[in-house]
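I have placed the structure first, in the form of structure tokens, so that the comments after it can refer back to it.
Values in this text are rule-based calculations from the coordinates and carry no lab data. No experiment lies behind these values; they were computed from the predicted model shown. Here the Cβ positions follow ideal geometry from the backbone for every residue, glycine too, while neighbour counts run over all protein chains shown.
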């Protein structure tokens, strides 16, 4: 068996566009992770589990609303909101007691959360897999100049920038964004000027987890929704965050682009070993810049 | 009242006595155990010893060195694969293969360590997690060499150690030797500097300690012992699979260290025994082991951050202090 | 304080050392241990293996057991993890002293268990693992497989595909034992049947790949005549969805084993026209035995059985018949009795080949299609390929074992 290489300009462009679609989910998930890391300094392992919960919730919500396009769009909003609410409970009742603790404890604590979420998913939805159809409007692909572009990839391509702009607005133009940026740099100082840091942290944690839920809801119609779908995305998200610079949302964007594109171009160049490309990219970046591409938040 | 120096000397002496007694007692108990235990518990004891050595090697850098070793399982897996591949593919005799395993792990520790020690704390941990995942991905993908996702099975072991009891005795001897060596390392000048770096890196640097060099040495040592544990795992189970070096395996062994107690030498071994015991016996009654583990882990972090053994030791210590203080009167 | 700790430790030891099953005054029960995956997507099949097996065991016990001995079943969830499954299997063998061990959908664990059972001399029935190494290269006296393996699937697919007018093939699959072994067997048989067949390329993705779009666009760019998909479990579902979303089934003939099993969970939204092989459907073969089995299963569990249920059924039948034939539960006699044994099943009479302990199972090749009366796509136009044609020859097995 010997692989053949099919490298034409058309297929290259097509693969780049598809890779960008994949980048979107990676960016949404990893930006939430990096936000929490940057402001709260929590390496949140349960981020992946929340992504999975988001996908399962999207399944149930879409089913409840009849399964059509309306249900799909509603689930894109409702599932992440429910995940955010769940994370608020976890933050207020559990994590907020641990902010003074070592990062190691926080990491292990969020691992415990991930285990519990994982098992709760099994209790609520059963252990098998679930599947959600793509809304009819996103099925099939567009033909454009000889390119076949899956409609859903194009939709994802639109969602990605929307989320990026939303995050930019939130961080730079809103009060909570400004406070959280300040808190990331100097936590005690923000508390000293009379701001309730606890609630700022809760809000940022919620936003971060909202993004995890959104990522899950976005992939729900494209794959089988099952327990364990969090194991690989959480590592990929951590790699992206590391590559981009801890706590830097734009770093997450850059990291996702590198990760998504090396992955999808790798499929074209050497399909048998495509998984190695993104990892190799991470290693190269980290060898050259051990603390990430962009400035870390701390 | 006794002068503090006297009470300290008294405690040091009693500790010393404890230590000289500990080794022969442990050796005797480990030797006699299989004579009274049914076969399954002999196997289980071997598994606890292997996992305990693995956890103790992690604790060297995590507990004593204060390094965020987030992906220690990669060295455990590297040792297991090196051992299994030497036996199955190179048809090497047992002992060379057994020595080769920790060397491969230590080399990997040197490589990963050299890249990671430039950074500190969380950054160190995250970089280590990524590099470890890369190693895992290579092992998982290199189908023709490592067996890919299937791992390697039917590894040709000599008959003497392919039985449950044979495997147990080899494990017990090697683990006992390794634990003594690790104990020596922890209490050596190197170990003391290592703990000083953990407690106050700035001050250590100010008195001329090369932090990175010490951390790199620690990383290589920890990887070396993890490699031995990995090879022993192959002896006990007869198989090696990439699951062993997946990141969740690293989390689990960290949980063992936490549960037993970071700052105690035997804590991780104790934690390994508790976790493996609970997993085995909970599995008989319920399929919800992750939920149980999650809740235990949360409770430990919230209520006993120094670990179960750490807590017991502290209580015992404060009692001992009380008794030494009142004794002479 | 210290006393209470000592008490707890003693209690723990007593608890652990107590005999696992109290020997009753009457004949001791026959215990069967199952190590399988009951968490995560793989449990879709494992649950049905267990449930069908329990259904049969209850029937056996209701009619007085096997030779007057009740059958008792112990199950353990391996969570798709080899280390966990191995520890559980040792617990079942050494502590519960099970007479027969069964399991698991995880091929890698099944291989490890086969090795363990050889050492411990316990019969092991592989219920769902498809690795042909189990009864092929790594086969041993104590291992039996009651399901089709990758060698058989590959041969069935080659037999079904070779007569069709495809010359350039693309193979895509899980980078896992199952994917590689299936693809390897298929291509070996294809080259034998059709020496002119060309491999245009391959893609291998990790298990649980979240997004197949990049692979599909790359495959389309190469314009092969036919796509062979060697993927298993929940990845089948994900890939079928990707086929539907990209409209790939309208551009290219696609083959996938168990596609008809997986397409059920997509309801009527699954892709039509996908070529598939399978061993068992509730709607095929249309025999009285199958209809009765489906009715019994649905009555008890309120859902339709999938192909896992067939293996649970076969395991129970084989154990019962072999036990009765050998007149007890002596391991070596049990194994001798099981060799070459035939049992009746929903897919007809099925035999355990004596030489390699591989069940001779027929397979059906059909195509996914909407049919009135079904809430999901079904495999239609099924052609039955008899099991005898699918088995690797004994010479091949001898060769593989000698090489080992």
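By counting other Cβ atoms within 10 Å of each Cβ, how are A:209, B:257 ranked from fewest to most? Don't jump to the answer; show the numbers that get you there.
On the way: A:209 30, B:257 27.
Exposure proxy ranking, most exposed first: B:257, A:209.
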So residue A:176 and residue A:295, fully extended at 0.36 nm per residue minus their Cα-Cα distance, gain in nm 40.7 nm
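On average over all directions, what projected area in square nanometres does chain A have, based on the convex hull of its Cα atoms?
Values: hull surface 68.3 nm².
With every direction weighted equally, the projected area is 17.1 nm².
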Label model pair residue A:193, residue C:394: point-to-point distance (7 angstrom along the Cα→beta-carbon line) in nm is 8.7
GNM of chain A, Cα pairs under 10 angstrom: of A:23, A:62, A:174, the biggest fluctuation goes to A:174
Row for region A:1-138, column shape: gyration tensor on C-alpha, a ≥ b ≥ c, rounded if a/c < 1.5 i.e. under 1.5, prolate if a/b over b/c, else oblate; value oblate
Between the alpha carbon centres of region B:244-269 and region B:28-51 the gap in Å comes to 21
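State the extension gain, in nm to one decimal, for the chain segment bounded by residue C:384 and residue C:193, taking 0.36 nm per residue of separation less the distance between their alpha-carbons. Present the calculation step by step, with values, prior to reporting the outcome.
Working: separation 191, 0.36 × 191 = 68.76 nm, distance 1.85 nm.
Here the segment from residue C:384 to residue C:193 would lengthen by 66.9 nm.
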Distance in nm between residue A:70 and residue C:62 label points, each 7 Å along Cα→Cβ, equals 4.7
Expected max-MSF residue from B:82, B:97, B:26 in the GNM of chain B (alpha carbon, under 10 Å) is B:26
Note to self: Kirkwood Rh of region C:55-143, Cα pairs, one decimal, Å, is 13.7
Across C:71-84, the residue-averaged tally of Cβ atoms belonging to other chains within 10 Å stands at 4
GNM of chain B, Cα pairs under 10 angstrom: of B:65, B:267, B:283, the biggest fluctuation goes to B:283
Checking rank on C:279-285, A:133-139, with mean other Cβ inside 10 Å and highest first, the result is C:279-285, A:133-139
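Which whole number in µm²/s is D for the protein assembly as shown by Stokes-Einstein, with the Kirkwood Rh taken over Cα pairs at 25 °C and 0.890 mPa s?
On the way: Rh = 30.1 Å.
Estimated via Stokes-Einstein, D reaches 82 µm²/s.
From the Cα gyration tensor of region B:180-329, with a ≥ b ≥ c the square roots of its eigenvalues, which class applies: rounded if a/c is under 1.5, or else prolate if a/b is larger than b/c, or else oblate? Please list the in-between numbers first.
On the way: a/c = 1.99, a/b = 1.20, b/c = 1.66.
Oblate.
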Mean projected area (nm²) from the convex hull of Cα positions in region B:4-326 is 18.2
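When A:111, A:144, A:85 are ordered from fewest to most other Cβ atoms inside 10 Å of their Cβ, what list results?
Numbers: A:111 27, A:144 11, A:85 14.
Listing A:111, A:144, A:85 from fewest to most nearby Cβ atoms yields A:144, A:85, A:111.
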Quick calc, residue C:403 & residue B:90: beta-carbon distance into FRET formula, R0 25 Å, rounding 0.05, result 0.90
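Listing A:30, C:238, C:307 from the residue with the fewest other Cβ atoms within 10 Å to the one with the most, what is the order?
Numbers: A:30 33, C:238 28, C:307 21.
Fewest-to-most Cβ neighbours within 10 Å comes out as C:307, C:238, A:30.
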Relative to chain A, whose Cα atoms define the longest principal axis, helix A:276-288 and its Cα axis are tilted in degrees, nearest 10, by 50
So, relative contact order of region B:4-326 in percent, Cα under 8 Å, 6 or more apart, is 31
For the pair residue B:29 and residue B:292, the simple spin-label estimate (label points 7 Å beyond Cα toward Cβ) gives in nm 2.4
So, relative contact order of region A:121-220 in percent, Cα under 8 Å, 6 or more apart, is 15
Helix A:46-64 sits off the longest principal axis of the Cα atoms of chain A, rounded to the nearest 10 on a 0 to 90 degree scale, by 70
Quick shape summary for chain C, equivalent ellipsoid via Cα gyration tensor, semi-axes whole Å in descending order, reads 38, 23, 22
Given a Förster distance of 41 Å, the FRET efficiency implied by the Cβ-Cβ spacing of residue A:16 and residue B:111, rounded to the nearest 0.05, works out to 0.75
Relative to chain A, whose Cα atoms define the longest principal axis, helix A:249-269 and its Cα axis are tilted in degrees, nearest 10, by 20
